[in-house]
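Novice: Sharing a structure with you now.
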Amino acid sequence: MVFLWILLILRPEFRDLLYFYKKHISIMKKYLCLSLLTASTICGTLQAQCNSSTGCNGNTFLQSSDPNTIEYDNMVSTFHSTLVREASGKVLVWGENIANNGTSNVLSPTELNTANYPDLRGKILKLTGGSAHINTGQFVILTTEGLFIWGRTGRLVATTITNKTAFSKVQLQLPTGVNPEDVKMMFGTYGTIVLTTCSGEAWVLSFTGNKNGDGTAQNAANNQIWHRVKTGNGDDDFLTNVVAVRGSSNALMALTREGKIYTWGTGTYLGNGTSSANRSYATEMALPDNGLSGSRPKMIGVTSNGNYNSYLLLSSDGLLYSLGRNNVRQLGDFTTTERTSWVRVKKSASEDMTDIAWISPQEHDSQFASINVLTTNGKMYSWGNNAGSMLGETASTINPTYMAGGLSENDALIAMETGGHTSMVIKQCSGNFGYVGHRANGSMGNGSAASGIENKYNFSTSSVNLCGANTQPEVIDSKICPGSTIDLNTLHTGAIPTGYELKWYTTSTGDSGTEVPNPTTVGPGTYYAFYIPVNGSNCDNPPGSSVVISKYESGDPGYENCSCKIPIETGTTLSSKFGVSTKESQANNWPAQVPNGYIVLDSAKKGFVITHMTTAQINALTPVVGMIVYDTDTKCVKLYRGDNPTVAPERKGWVCIQQGCN
């Protein structure tokens, strides 16, 4: 491959080969990963998000760091509906129109599996949704078998793609050359699905906003096919090295591996002081502060209040910038002034925000320009449209507000999601998520379909062990052989979150004095695992996970692998007094050198043959405990264990000797 590049540079007649390479870059990069010295740069940062064995990418929320592999979508909320990925990789759903039939509500978090969604096939890779106000959610998952869509029709994809409400696989194929495992990110909003591939391509399927991104018009034919985003009308002017695409129903925004940002669609802004305009190709935007000297973009986002777009950009050094329409205070600058150049988001009228770790603009519904952000120390600011108290305050629009919705200064937040009409948070050491805003049709996940307003965060919801913000350890039970021990830490199947340590207790509430002193060597019993913050702060009632350790019993699968481990009896060692040997000579102290024997047999050329009998003959004996005989019918050495053996009492009478405690 290095030789190929030399030819391209030195020999003009190889330009056709260059054109072939560019047209097939998605395929070629797979080989570049294996052959170029710079493979870790081209492939490692783009593909690290694509090959998770559990499906959980922990580079998210407060744990987020690398901009090229951040997972934006472990929690996705549309209007009154939510999809989440747990630390185990399981996907849970609840809320409006999200049941298998696409019209019924799910009142509590329910696993998306074949039991609840019978037409599901393959492993779930990506999830998202889009909506346009009440009773309008449509949802999509990408599995190893393709795309599955359900919910209200015509809200995420055109009705010509599917007119079914029920969960089902759609005939629509992924873009040519893109396999399900090649998809790095799948973003959804009203009328739109966007795929970002591991090789850095961006593909759009949309029927709103004129944002195909390849110069084509929005019409019935184009609304049902994928469009690869381009930067111009040339055959090979593709937008490349894309690591994230986010947006609204009208405009999309992309971030590249090099830290460049692009936008296209209706009513877009470039951040360079020019007015908003419609753009049919991806157009490079200006970076804030003359190019973010010393840092780079970490996260991007777009939110809209109807047809008005507002952009967010978080830098890798924790500074937050905004751009665009500001009619509901969604830019967070304590004004309602439209901004055509980037401005800093403020925490007060005179002080800019710093140390921001995560941003969550409302991006999956076509209304409600609202934003929540997390600081590096787990505090939250909220601003913008507060319809239905979705930010936890009383005014219809609010400036950036610290720990809104009745949250305490002592609360440490580790994740949040801004949805259509709702916001949700995950607190450190709390099993249940917090919910604020309009609850309806199961949107709060508390088992109720009742409608009402939660104007303060309510944690009487359900437990969700969110990927990247998991508060409860993932563990498994185990069996051990009689007399043996096990290391409890080997039964913890997840990754310990940064800033926490794994501790084990013998009580379900982790009571003082019940911590397991040495979890590496424990016997049968019930134990409880907890994540405890290293700094010990604000973790009064963490959720624990139980582990049951039990002994293998005879007949259990795996019992045959157990060897006998019975504590030896202690006392004075006795010398053997009597021996029979066919050897020509023995040591002077033989058989006394063999301890604790009644009789010692020794030979260099002969074997010891015990009595051979049939099963019937053996059963006719008057046996004594410890008698041994070879059964010629069952072809095993049998031991008589008596009627009440103390070890493995179910193995009584005559039994074949086996590995274990006989």
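The values are calculated or read from the model by the stated rules, or taken from the named source; none is laboratory data. What you are looking at is a predicted structure, and each value in this text was computed from that prediction instead of being measured. Neighbour counts run over all protein chains shown; Cβ positions are idealised from the backbone, glycine included.
Novice: May I ask you to verify whether L205 is within 23 Å of the chain's Cα centre (by Cα), within 29 Å of G442 (Cβ to Cβ) and among the hydrophobic types (A, V, I, L, M, F, W, C)?
Specialist: Criteria not met by L205.
Novice: For the range 93-144, give me each residue that is over 22 Å from the mean Cα position of the chain (by Cα), among the β-branched types (V, I, T) and surrounded by fewer than 24 Cβ atoms within 10 Å (Cβ to Cβ).
Specialist: Matches in the range 93-144: T103, I134.
Novice: Enumerate the pairs (first residue in the range 328-343 and closer than 20 Å to S382 by Cβ and in the same structural domain as A387 (by TED's automatic domain parsing); second residue anywhere and surrounded by fewer than 16 Cβ atoms within 10 Å (Cβ to Cβ) and of a type in the set (G, A, S)) with beta-carbon separation below 6 Å, excluding pairs fewer than 6 apart on the same chain, so at least 6 apart or on different chains.
Specialist: F334/A349
Novice: Out of (1) of a type outside the set (F, W, Y); (2) in contact with a Lys or Arg (Cβ under 7 Å, 6 or more places away or on another chain); (3) modelled with pLDDT of 95 or more, the odd one out for G209 is which?
Specialist: (2)
Novice: A further question follows. So which strands (runs of 3 or more DSSP E) are wholly in the range 538-649 and hold at least 3 residues that are touching a residue at least 60 places away in the same chain (Cβ under 8 Å)?
Specialist: Because the criterion is at least 3 residues that are touching a residue at least 60 places away in the same chain (Cβ under 8 Å), the strands (runs of 3 or more DSSP E) in the range 538-649 that meet it are 545-551.
Novice: Within the range 356-378, restricting attention to residues that are under 20 Å from the mean Cα position of the chain (by Cα) and of a type in the set (A, V, I, L, M, F, W, C), which residue is nearest to L312 (Cα to Cα)?
Specialist: Selected residue: I359.
The rows are residues; the columns are (1) among the small types (G, A, S); (2) modelled with pLDDT under 95.
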| site | (1), (2) |
| --- | --- |
| P473 | no, yes |
| S512 | yes, yes |
| T526 | no, no |
| S554 | yes, yes |
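Novice: N305 passes all but one of (1) buried (at least 22 other Cβ atoms within 10 Å of the Cβ); (2) at pLDDT 95 or above; (3) under 24 Å from G130 (Cβ atoms); which number fails?
Specialist: (2)
Novice: Criterion first (surrounded by 15 or more Cβ atoms within 10 Å (Cβ to Cβ) and in the same structural domain as P543 (by TED's automatic domain parsing)) does L488 satisfy it?
Specialist: In short, yes.
Novice: Now, a different point. Just to check your reading of the model, which residue among N212, N223, N241 is out of contact with any helix residue (DSSP H, G or I) (no Cβ under 8 Å at 6 or more places or on another chain) and either of a type outside the set (K, R) or outside the structural domain of P361 (by TED's automatic domain parsing) (or both)?
Specialist: N223
Novice: Still on this structure: Could we say that T153 is over 30 Å from W358 (Cα atoms) and either buried (at least 21 other Cβ atoms within 10 Å of the Cβ) or under 19 Å from the mean Cα position of the chain (by Cα) (or both) here?
Specialist: no
Novice: Keeping to the range 383-404, report how many residues are more than 11 Å from R329 (Cβ to Cβ), buried (at least 19 other Cβ atoms within 10 Å of the Cβ) and within 27 Å of the chain's Cα centre (by Cα).
Specialist: 1
Novice: Hey, can you tell me all the residues within the range 308-322 that are within 15 Å of Q362 (Cα to Cα) and either buried (at least 24 other Cβ atoms within 10 Å of the Cβ) or under 26 Å from the mean Cα position of the chain (by Cα) (or both)?
Specialist: Within the range 308-322, N309, S310, Y311, L312, L313, S322 meet the criteria.
Novice: Could you run through the range 334-368 and say how many residues are under 21 Å from N272 (Cα atoms), part of a strand (DSSP E or B) and of a type outside the set (D, E, K, R)?
Specialist: 4
Novice: Take K456 and decide whether it is in contact with a helix residue (DSSP H, G or I) (Cβ under 9 Å, 6 or more places away or on another chain) and among the basic types (K, R). Give the derivation first.
Specialist: Numbers: in contact with a helix residue (DSSP H, G or I) (Cβ under 9 Å, 6 or more places away or on another chain): yes; among the basic types (K, R): yes.
Taking the combined requirement at face value, the residue satisfies it.
Novice: Sort out which residues of the range 274-330 are among the hydrophobic types (A, V, I, L, M, F, W, C), in a loop (DSSP other than H, G, I, E, B) and closer than 24 Å to T240 by Cβ, and write them in order of number.
Specialist: Residues satisfying the conditions are M285, A286, L287.
Novice: Give the residues of the range 497-538 that are buried (at least 19 other Cβ atoms within 10 Å of the Cβ) and within 23 Å of the chain's Cα centre (by Cα), sorted by residue number.
Specialist: Filtering the range 497-538 for residues buried (at least 19 other Cβ atoms within 10 Å of the Cβ) gives 497, 500, 504-505, 510, 519, 522, 527-531.
Hits for the range 497-538 are P497, Y500, Y528, A529, F530, Y531.
Novice: Tell me whether the range 56-67 contains one or more residues that are surrounded by fewer than 21 Cβ atoms within 10 Å (Cβ to Cβ), at pLDDT 95 or above and not small (G, A, S).
Specialist: yes
Novice: Which number in (1) farther than 30 Å from T485 by Cα; (2) loosely packed, with under 11 Cβ neighbours inside 10 Å marks the one condition that K583 misses?
Specialist: Failing condition for K583: (2).
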